[in-house]
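To keep things clear, I will list the structure first and then write my remarks on it.
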Amino acid sequence: MSNNENDTAAAETETKYDLSKFTTERLLSNNTDRKSICVLGKFKDVPNEEEQALLIFEKGAFTEEQVLSADPEKSIFQFVDTLNTNFLNDIYGHFTLLVKPVANSIKLNIIHPVTEKHIQKYSNQNLFIVQETADQYREITEPYLTKGQFSLDWCYNILEHKQEEERIVFEDPDTTNGFIILPDLKWDGKTKETLYLLAIVHRRDIRTLRDLDNSHLDLLKNIRDKSVETIEKKYDIPRSQLRIYVHYQPSFYHFHVHFTYLKHTAPGINCERSHLLDTIISNIEILPDYYKKATLSFTVRETDTLYEKYEDIINGSTNSLSNNCNPNKKIRVE
């Protein structure tokens with residue numbers, strides 16, 4: 001399906017939400033770096049008005065086309081309605097622009113009905129870095145993964161072509177080494193500068209990095225090679241400008257790989273969470289069960305159930321180590 005066809009399909013999709021009927025109950029987060037804000041509230045015009053909804057607003061990024069294009073319908077210089085002067089000083093000028101709506105779009109994600117886990121995930125709170133040994137994974141983390149996680153129905157709907165079929169960028173249908181590529185919800189699917197794609201595997205027996213071994217090398221290489229080829233052809237971004245990585249812990253427990261444009265500072269690329277796919281492949285080639293033996297770092301939120309499981313270990317490390325070398329150091333994340 002072409003970009004134009006995708007855009008048309010998206011435009012023809014009717015929304016079931018009327019934002020004028022939304023009542024805000026609480027501000028969960030305000031990220032000034034990403035120009036995003038997350039609020040909790042309720043819609044008055046839905047069948048169950050007591051169900052809470054979570055709304056994430058994010059201002060769009062500029063595109064090179066808006067600045068470089070000579071087409072007046074695309075150039076940002078033609079979108080200016082008002083230019084207000086704040087001050088002038090020698091060679092420096094400070095202004096405020098009011099632009100037409102076409103150049104001032106806001107991306108919106110809605111989760112409805114929202115669960116308590118979603119509210120915790122999108123709320124400002126303290127994070128803690130945990131250094132998880134292989135034994136701690138088996139005794140603490142793995143039992144946690146078997147219960148209390150977000151539903152994966154939305155993921156299976158994509159894999160079974162029940163939902164979001166028009167958003168699929170590429171598919172390898174092989175049941176062992178196949179996968180689907182589609183835009184992450186953090187990307188508008190159009191702005192090249194903020195490209196963010198996910199490759200979701202068809203097989204359902206891999207939850208996290210910990211499950212990987214040498215039996216999965218063909219899968220990992222297939223994802224890397226075919227995804228790179230697809231992205232180069234479709235978006236004109238070479239492999240050398242792609243950031244290809246896996247999260248640990250992931251946001252959902254069905255194995256997937258992230259692809260972002262190297263120019264874009266995408267959320268979740270922090271060193272305590274992201275593992276480059278090429279490094280993963282190399283580690284497994286050196287030691288087939290590397291990720292079943294290695295100590296892996298990850299972060300937990302203060303309100304996570306997993307934090308409760310590791311709280312004694314975290315507090316014990318805090319008491320025994322200085323702040324400069326504490327592996328379970330507390331950090332503030334917006």
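The values are calculated or read from the model by the stated rules, or taken from the named source; none is laboratory data. Predicted model only: the values in this text are computed from it and were never measured. Please note: Cβ atoms are built from the backbone with ideal geometry, for glycine as well, and neighbour counts cover all protein chains shown.
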Quiz item: Of everything in the stretch 170-214 that's assigned to a helix (DSSP H, G or I) and within 30 Å of residue 67 (Cβ to Cβ), which residue is nearest to the chain's Cα centre (by Cα)?
Solution: 194
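Going by what's in this entry, would residue 310 be described as in contact with a strand residue (DSSP E or B) (Cβ under 8 Å, 6 or more places away or on another chain) and either buried (at least 16 other Cβ atoms within 10 Å of the Cβ) or at pLDDT below 90 (or both)?
When the stated conditions are applied, residue 310 passes them.
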Exercise. Give the residue that is surrounded by the fewest Cβ atoms within 10 Å (Cβ to Cβ), with candidates limited to residues of the stretch 70-89 that are of a type in the set (A, V, I, L, M, F, W, C) and over 30 Å from the mean Cα position of the chain (by Cα).
Key: 70
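From the list 67, 39, 46, which one is at pLDDT 75 or above, surrounded by 10 or more Cβ atoms within 10 Å (Cβ to Cβ) and in a loop (DSSP other than H, G, I, E, B)?
Answer to the check: 46.
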Quiz prompt | Filter result for residue 147 (without any contact (Cβ under 8 Å) to a residue 24 or more places away in the chain and under 27 Å from residue 292 (Cα atoms)) | solution = yes
Exercise. Filter the stretch 90-134 down to residues that are among the aromatic types (Phe, Trp, Tyr) and under 22 Å from residue 145 (Cα atoms) and give me whichever is surrounded by the fewest Cβ atoms within 10 Å (Cβ to Cβ).
Key: 122
Quiz prompt | Any pair with Cβ under 7 angstrom, 6 or more apart, that starts in the stretch 257-280 at a residue that is without any contact (Cβ under 8 Å) to a residue 24 or more places away in the chain and ends at one that is of a type in the set (Gly, Ala, Ser) and not in a helix (DSSP H, G or I) | solution = 268/274
